[in-house]
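Notes follow once the structure below has been shown.
The values are calculated or read from the model by the stated rules, or taken from the named source; none is laboratory data. The model shown is predicted, which means the values in this text are computed figures rather than measured ones. Using ideal geometry, Cβ is built from the backbone for each residue, glycine included, and neighbour counts are taken over all protein chains shown.
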C-alpha cells in the first residue's frame, strides 16, 4: 500500500488545519514534508508531519 503522510500547518494566520498526502508507489523514499507547501498559505517552513 502506498505511503500516507499527514501534515499540519502551524502558521497561526493560516486557515488550513491538517491534510493528507497519498503517495504513489513511484514516490522516492527521500520525499518528506519539506518538499511540499501548504495548499492554503503556500508556505513550506510552517509544515510539520503529524506523528501518530
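Below are the figures for this structure:
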| item | result |
| --- | --- |
| Subset of the stretch 11-31 [surrounded by fewer than 13 Cβ atoms within 10 Å (Cβ to Cβ) and either assigned to a loop (DSSP other than H, G, I, E, B) or modelled with pLDDT under 85 (or both)] | 12, 13, 15, 17, 24, 25, 26, 28, 29, 30 |
| Tabulated pairs, the stretch 12-25, first without any contact (Cβ under 8 Å) to a residue 40 or more places away in the chain, second surrounded by fewer than 15 Cβ atoms within 10 Å (Cβ to Cβ) and in a strand (DSSP E or B), C-beta under 9 angstrom, 6+ apart or interchain | 18/6; 19/6; 20/4; 20/6; 21/4; 21/6; 22/4; 23/4 |
| Residue within the stretch 35-48 that is in contact with a strand residue (DSSP E or B) (Cβ under 7 Å, 6 or more places away or on another chain), at pLDDT below 95, surrounded by 13 or more Cβ atoms within 10 Å (Cβ to Cβ) and not in a loop (DSSP other than H, G, I, E, B) present | no |
